[in-house]
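Worksheet: one structure, shown below.
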Amino acid sequence: MFKLANLTKTLVLAGLALGLTAEGIAQSKYTGVGREATKAEVAAWDIDVRPDFKGLPAGSGNTLRGQEVWEGRCASCHGTFGESNEVFTPIVGGTTKEDMKTGRVASLLSDKQPQRTTLMKVATVSTLWDYIYRAMPWNAPRTLTPDDTYAVLGYILAMAEIVPDDFTLSDKNIAEVQKLMPNRNGMTQAHGMWTERGTPDVKATACMSNCTKHVAIGSTLPDYARNAHENLALQNRPFGPYRGVDTTKPPVSKLPGKGMMTVSAVAAEVLSPDALFKKNNCATCHAPASHAIGPSIAQVAAKYKGQADAVKKMSAKVKAGGAGVWGAIPMPPHAHVSDADIEVMVKWMLSGK
Amino acid sequence: MTVKSKTTPIGRLRRAPENFVTQQFADEVYEHGLNETRRGFLRKSFVTALGATAAGSAIAADGEKAILEKQTWQTTLGQPVAANPYGMPSKWEAPLQRRESPGLTRVSAASVAFAPLQGFFGIITPNGLHFERHHQGWYDIDPAQHRLMVNGLVKQQKVFTMDDLMRLPSVSRIHFVECGANTGLEWGNVAVPSVQYTHGMLSCCEFTGVPLSVLLDMCGADLKKGKYILAEGGDGSGMTRTIPMDLALKDVLVVWGMNGEMLRPENGYPLRLLVPGVQGVSSVKWLRRIEVGDMPYAAKDEAVHYIDLMPSGLHRQYTTIQECKSVITTPSGGQQLLDKGFYNISGMAWSGRGKIKHVDVSVDGGNNWRRARLETPVLSKAITRFNLDWVWDGSPGILMSRATDETGYVQPMIKQLREVRGTRSIYHNNAIQAWKLDTNGELSNVQVG
């Protein structure tokens, strides 16, 4: 026995040594990567609060203060009594005194309650503390102090009649409050979807032929919803084997036939003058300030300065091309560029930019 | 102009004028095939139609404008290189965009933008079209200011900069990311018109990063006590998710690259977690902290959302694996078939438990099924593309796809899911999707059974 124990001890020590060595290798292998976090850094970021309240800072707040915080910072989204469904689903409602005894929310058994509120669902009060402190108010997260967080959470719990109206919630009594949470027994982890080795709850078979006597359509898209996501013709490629359905109109009466075109979804391209200049390859010959293959933009601007018909004259030149004014290399015609684009670019050039 | 078979040069194809036979005659041929009488009628109609076309429009008889006339892009100078310094898709592709579902949420900073699956090919999602889901809006975080901290049950709590992380040996892997709420709108009834909104909270990319196991090893994580990790985001929501350690050590990546470029801001630039096979919310964006702990954290999104309400009134918590699922993307709801004839039915299949083994396709509402071709690559916890040849005879039908993964799990019908889980769930709807095809060629979203 003694020898065996000694042997075990030796093995354990050897294992430890091996572990340390392996770790030592890992650390030295990536020398110079990362650094030790300071205590203050960890404290600044390690703000999570677990169901066993590990991570919960000391502090407290009463419902009076909670009401102040609520009305100033929370009510605009969540409603005066936490019942609002305007921006997010309601926080309060659907729980009873009886639920607090059983730890199961009875209204979850039926659909009588119009909304499943936060307090109907949440099992752990730590979740609420953690979330309010880390992410609320929604548009200014992490701006509540721990004391304000206690206060406002206490106020929510009071609105739900889980704690009295004049309650002071603190790190000292929050574990007692947990024992009153209406849905504290309402969660199960006994299912096969937590890990990839879990057993699925539904077992279908892959029948290949004559699988059903009667194909029944259980649900179809209501007519009014056909165009509820805007015109699907504009959400599909306008070529290829399929088109998007023009949902602004009733369904077509028969097959449209090959080559059917639908509404063009491509809006006119709006480019800045300099982008147009580059796109049309003008920049190949015309630099901003120095003479390249052709005159610079500055040179052109200077030449036409003060001329009333400059835009018209220059536009014509761009369109038709020209030769002999600025050197031996002629300017090719640009008949394919639209008059509107030419005017935009000419005006821009004349401005000397 | 006359057509005589004897004088027509061999090998010359002559395009039939459109509508040269009546719809009634065409239907008759589809129905009963060609016989000598019908063949004769066809010949006569063709010749007559050709004559008429020749008289009516010379261009139509000679060919198409697109071929016969010179086009701008043949006759003028094209755009210079780097005219789009960071390339953009063709302007003709503008219809394919991420879109919100009207009425789904009240505020866009806590919402979803769905990927346009109806226009995708292959298995890779373009970076600009990867679906978006934010809880408190997105930021384009300065990578020089970004930090990752590893703390909790570790020998040494560490801080990493982007410089640090990108020095480490990286791996690149193709995986899908699917929101647990994908297809959730359809738990009760058909609610949305197209595959973009039924299945568009799904994407698949090549992600590049360092295995989380490397970082845990570097910090000396206590793998005996540390059974879970908490992943935390750096945005306003500070998104937190619990991940079991065995999964964390297996194939979880700390990611900066996506399809060969850095992550897009909407997808967590400069750093996110990637938890393959698990609902997207666990792949925390703007990842700033990993904590090693000895119990699950019951963070907001695993205690209030992403829980499945069972008929017993109990909520299933930590239901995270995305079970085997597939959907036909082309043709799909809200699309229009132009004509009868040959088509390629195509779609995507994926499983959070591994590889896709096969996909079956039905065009008759699930009565008969044919095995589809799986295109390569077939990767674990990635989208697999399937295709099936199909000749549409113009009759109404219901198109469905059913995937089976390597564990033997078969994608269920919605009815089978409801029998176990009831109708009040929101998340994890992996039911077979059905698209009804009418004789006018329009496809719409329906549920069978």
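Bear in mind that the values in this text are calculations on the coordinates, not laboratory data. Keep in mind the model is a prediction, meaning the values are calculated, not measured. Ideal geometry is used to build each Cβ from the backbone, glycine not excepted, and the neighbour counts take in all protein chains shown.
Work out the charge dipole of segment B:374-449 with +1 on the Cβ of Lys and Arg and -1 on the Cβ of Asp and Glu about the Cα centre, then indicate which of B:Trp392, B:Ala382, B:Ile414 is farthest towards its positive end.
B:Ile414
Can you return the lysines within cross-link range of A:Lys305? Criterion is Cα-Cα under 25 Å, with same-chain partners fewer than 8 residues away left out.
A:Lys278, A:Lys313, A:Lys317, A:Lys319, A:Lys347, A:Lys353
Helix A:339-350: angle to the longest alpha-carbon principal axis of chain A, degrees 0 to 90, nearest 10?
The answer is roughly 90 degrees.
Please report, in Å, the Rg and the Dmax of segment A:64-116, where both are computed over Cα atoms only.
Here Rg and the maximum Cα pair distance are 13.2, 36 Å.
To make sure I understand the rule: partners must be lysines, Cα under 27 Å from the Cα of A:Lys249, and not fewer than 8 residues away in the same chain. Which ones qualify?
Reachable lysines: A:Lys258, B:Lys91, B:Lys340, B:Lys436.
Just want to confirm a number: the relative contact order over chain A, from Cα pairs under 8 angstrom separated by 6+ residues, in percent.
12
What is the Cα convex hull volume of segment B:224-325 when expressed per residue in Å³?
Residue-normalised Cα hull volume stands at 123 Å³.
Taking the protein assembly as shown as a whole, which cysteines find no other cysteine Cβ under 4.7 angstrom from their Cβ?
A:Cys74, A:Cys77, A:Cys282, A:Cys285, B:Cys179, B:Cys204, B:Cys205, B:Cys219, B:Cys324
B:Glu419 versus A:Met208, label points 7 Å from Cα toward the beta carbon: distance in nm?
2.3
Scaled to the compact-protein estimate 2.2 N^0.38 Å, what is the alpha-carbon radius of gyration of segment B:117-188, rounded to two decimal places?
Dividing the Cα Rg of segment B:117-188 by 2.2 N^0.38 Å gives 1.58.
If I take the Cα coordinates of segment B:283-337 and project them onto the principal axes, what are the three extents in Å, biggest first?
In descending order, the Cα extents are 55, 37, 18 Å.
Percent of Cα-Cα pairs more than 25 Å apart in segment A:21-128, please.
The answer is 49 percent, as a whole percent.
Can you bin every Cα-Cα distance in segment B:389-449 into 5 Å intervals starting at zero and give me the percent of pairs per bin, rounded to whole numbers?
4, 15, 20, 21, 16, 12, 8, 3, 0
Taking chain B, how much of its Cα-Cα pair set, in percent, is spaced more than 28 angstrom apart? All intermediate terms of the calculation are to be shown ahead of the outcome.
Details: 59342 of 100576 pairs.
It works out to 59 percent of all Cα pairs.
Averaged over peptide A:44-52, how many Cβ atoms belonging to another chain are found within 10 Å of each residue's Cβ?
Counting Cβ atoms of other protein chains within 10 Å of each residue's Cβ and averaging gives 6.
At each listed q (0.07, 0.08, 0.12 Å⁻¹), what is the log10 of I(q)/I(0) that the Debye formula gives for chain A modelled as equal alpha-carbon point scatterers?
The Debye formula, applied to the Cα set alone, gives -0.79, -0.89, -0.99.
Which FRET efficiency, nearest 0.05, do A:Val270 and A:Glu83 yield, Cβ-Cβ r, R0 60 Å?
Working: r = 47 Å, r/R0 = 0.78.
About 0.80, to the nearest 0.05.
Can you work out D for segment A:149-229 in µm² s⁻¹ from Stokes-Einstein, where Rh is the Kirkwood radius over C-alpha pairs, the temperature is 10 °C and the viscosity is 1.306 mPa s? Show your work: numbers first, answer last.
Details: Rh = 18.9 Å.
My calculation gives 84 µm²/s for D.
What fraction, in whole percent, of alpha-carbon pairs in segment B:183-237 exceed 17 Å separation? Numbers along the way, then the final one.
Numbers: 983 of 1485 pairs.
It works out to 66 percent of all Cα pairs.
Roughly what would the spin-label model give for A:Glu68 and B:Gln156, points 7 Å off Cα along C-beta, in nm?
In this crude spin-label approximation the distance works out to 4.7 nm.
How high is the FRET efficiency from B:Trp73 to B:Asp364, r the C-beta distance, R0 41 Å, rounded to 0.05?
Calculated transfer efficiency: 0.35.
Just list whichever of A:Lys203/B:Lys357; B:Lys158/B:Lys285; A:Lys121/B:Lys250; A:Lys172/B:Lys227; B:Lys285/B:Lys381 have alpha carbons separated by over 26 Å in the model shown.
Listed pairs above 26 Å: A:Lys121/B:Lys250; A:Lys172/B:Lys227.
Pairs of Cα atoms under 8 Å, at least six residues apart: use those to get the relative contact order of segment B:282-369, whole percent.
20
Per residue Cα convex hull volume for segment A:106-261, in cubic angstrom? Walk me through the numbers on the way to the answer.
Numbers: hull volume 45.6 nm³, N = 156.
Convex hull volume per residue, Cα atoms: 292 Å³.
Taking each pair of different alpha-carbon atoms in segment B:99-229 once, compute 1/r for the pair, average those values, and report the inverse of that mean as the Kirkwood hydrodynamic radius in Å to one decimal.
For segment B:99-229, inverting the mean 1/r across all distinct Cα pairs yields 17.7 Å.
How large is the charge dipole for the protein assembly as shown, taken about the Cα centre, if only the Cβ atoms of Lys, Arg (+1) and Asp, Glu (-1) carry charge, to the nearest 20 debye?
2000
Once phi is turned into θ = phi - 60°, what whole-Hz ³J(HN,Hα) does the Karplus curve with 6.51, -1.76 and 1.60 give for every residue of segment B:333-338, x standing for Gly and Pro?
Karplus-based 3J(HN,Hα) across segment B:333-338 equals x, x, 9, 10, 7, 8 Hz.
Based on alpha-carbon positions alone, could you give the equivalent ellipsoid semi-axes of segment A:203-317 from the gyration tensor, as √(5λ), descending, whole Å?
Each semi-axis is the square root of five times an eigenvalue, giving 60, 18, 13 Å.
Could you work out the relative contact order of chain B, using alpha carbon pairs under 8 angstrom and six or more residues apart, expressed as a whole percent?
Details: 950 pairs, mean separation 61.6, N = 449.
After rounding, I find 14 percent.
Which one, A:Leu232, B:Gly236, B:Ala248, projects farthest toward the positive side of the charge dipole computed for the protein assembly as shown from Cβ point charges (K/R +1, D/E -1)?
It is A:Leu232, whose Cα lies furthest towards the positive end.
Would you mind working out the magnitude of the charge dipole of segment A:62-148 relative to its Cα centre, with +1 at each Lys and Arg C-beta and -1 at each Asp and Glu C-beta, to the nearest 20 Debye?
Values: 10 positive and 10 negative charges, 56 e Å.
Result for segment A:62-148 is approximately 260 debye, rounded to the nearest 20.
Which three semi-axes in whole Å describe the equivalent ellipsoid of the protein assembly as shown, each the square root of 5 times a Cα gyration tensor eigenvalue, listed largest first?
With the √(5λ) rule applied to the protein assembly as shown, the semi-axes are 55, 39, 28 Å.
Given 20 °C and 1.002 mPa s, how large is the Stokes-Einstein diffusion coefficient of segment A:87-142 in µm²/s, with Rh as the Kirkwood radius over Cα pairs? Numbers along the way, then the final one.
Details: Rh = 12.5 Å.
Translational D for this selection: 171 µm²/s.
At 4 °C and a viscosity of 1.567 mPa s, what translational diffusion coefficient does Stokes-Einstein give for segment B:287-444, taking Rh as the Kirkwood radius over Cα pairs? Give it in µm²/s as a whole number. Can you show the working numbers first?
Values: Rh = 17.5 Å.
Estimated via Stokes-Einstein, D reaches 74 µm²/s.
Using +1 on the beta carbon of Lys and Arg, -1 on that of Asp and Glu, and nothing else charged, what's the dipole of segment A:45-111 about the Cα centre, debye to 20?
I would put it at about 240 debye.
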